[in-house]
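I have placed the structure first, in the form of structure tokens, so that the comments after it can refer back to it.
The values are calculated or read from the model by the stated rules, or taken from the named source; none is laboratory data. Given the structure is predicted, the values throughout are model-derived calculations rather than measurements. Here Cβ is always computed from backbone atoms with ideal geometry, including for glycine, and neighbour counts include all displayed protein chains. SASA here: full protein model, heavy atoms, side chains in, ligands and nucleic acids out. Shrake-Rupley method; radii C 1.70, N 1.55, O 1.52, S 1.80 Å.
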Amino acid sequence: MSKHTFLCASVLAAASAFSMSAQAGNPTVYLLPSSGGVGIPYHLGFYFDGSGSASAKSDDVLPVLGDTITSTVGKTASKSWFGDLNYDANGDGEKTLLGWTHNSKWGLVDLTALRAAGYNRATVRITVSRLDDGNHDVADADDDLVPATTVWRGVDQTSAQSHWYPNAFQPNESYEDPVGSGNYRNWWSTLDGYGLEAVSATPISPLKKVIVLQPFKLDKKDNAMNALTFVIGGNDYSTAKHSANFQVQVDVTAK
């Protein structure tokens, strides 16, 4: 058994970390503890110390990092990435660009162990999919997710949470949401830019999955940049908002 360090939602700075036992060479998936209203509200954590694949889906029971308990993977919302509240109702081209923070599910891909293992580069493939959980009761979460995801490099547990988050289609850094969420640069203080990539299926032609494939060079000086933050959302602005099931798979090729 070996110790690994996980940049996660309970830390107040990227340099602080939890340490937990894991089987060397095998990717592991955890639920992350509540961030207490500071920084990104991370939900899922994926740890890699080499090449491998790992996945999680709604209602999976996973260990909670830093604790002795298990808990359940939550749902996302059908309107959490591009919904009615952020769509261009006035035809002015502005609110089509935003995501809906508290209805999304957030994940962290921790590659900090790759540098210690001697790797210099990594390619990360994140796939967000629709999920049929077999329960078709109308009171249960729907299986009709129109999947969407945005991926950033880095981890943010230092800034105040915001109601909205930007994606790669945002036109400039200084845009401020008119309902008063504040400047995005104050929130994503430790992340490397805004979206490295943003992908969404559209309700007009709803795909069952979207994929972000991101190669990058591992950072020798700032290990906090050897992590990816991703968000899982829904892009269905044509129906009423509802809970939606999802599945996410992370594939890492280390070189």
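Details
- Scanning the range 127-146 for residues that are more than 17 Å from residue 60 (Cβ to Cβ) and in contact (Cβ under 8 Å) with a residue 12 or more places away in the chain gives 142, 144, 146.
- Count - residues of the range 49-65 that are among the β-branched types (Val, Ile, Thr) and in contact with a Leu (Cβ under 6 Å, 6 or more places away or on another chain): 1
- Lone unmet requirement of (1) at pLDDT 90 or above; (2) buried (at least 19 other Cβ atoms within 10 Å of the Cβ); (3) of a type in the set (S, T, N, Q); (4) more than 18 Å from residue 150 (Cβ to Cβ) for residue 229: (4)
- Residue match in the range 163-186 (condition: open to solvent by 10 Å² or more (accessible area, probe 1.4 Å) and modelled with pLDDT of 70 or more): yes
- With respect to the conditions (1) modelled with pLDDT of 95 or more; (2) at positive phi, residue 134 falls short on a single one, namely (1).
- When the range 118-131 is filtered for residues that are of a type outside the set (Ser, Thr, Tyr) and surrounded by 13 or more Cβ atoms within 10 Å (Cβ to Cβ), the ones remaining, listed by number, are 122, 124, 125, 126, 128, 130, 131.
- In the range 86-126, residue modelled with the lowest pLDDT [restricted to those that are over 20 Å from residue 56 (Cβ atoms) and among the aromatic types (Phe, Trp, Tyr)]: 87
- For residue 55, the criteria (1) in contact with a strand residue (DSSP E or B) (Cβ under 6 Å, 6 or more places away or on another chain); (2) at pLDDT below 70 hold in every case but one, which is (2).
- The residue that is surrounded by the most Cβ atoms within 10 Å (Cβ to Cβ), counting only those in the range 232-255 that are of a type in the set (Ser, Thr, Tyr) and within 19 Å of residue 141 (Cβ to Cβ), is 237.
- Here residue 146 does not qualify as buried (at least 22 other Cβ atoms within 10 Å of the Cβ) and at pLDDT below 85.
- Single condition residue 238 does not satisfy, out of (1) modelled with pLDDT of 80 or more; (2) more than 24 Å from residue 116 (Cα to Cα); (3) out of contact with any Phe, Trp or Tyr (no Cβ under 7 Å at 6 or more places or on another chain): (1)
- Residues of the range 39-60 satisfying the condition of being charged (D, E, K, R), open to solvent by 40 Å² or more (accessible area, probe 1.4 Å) and not in a strand (DSSP E or B): 59
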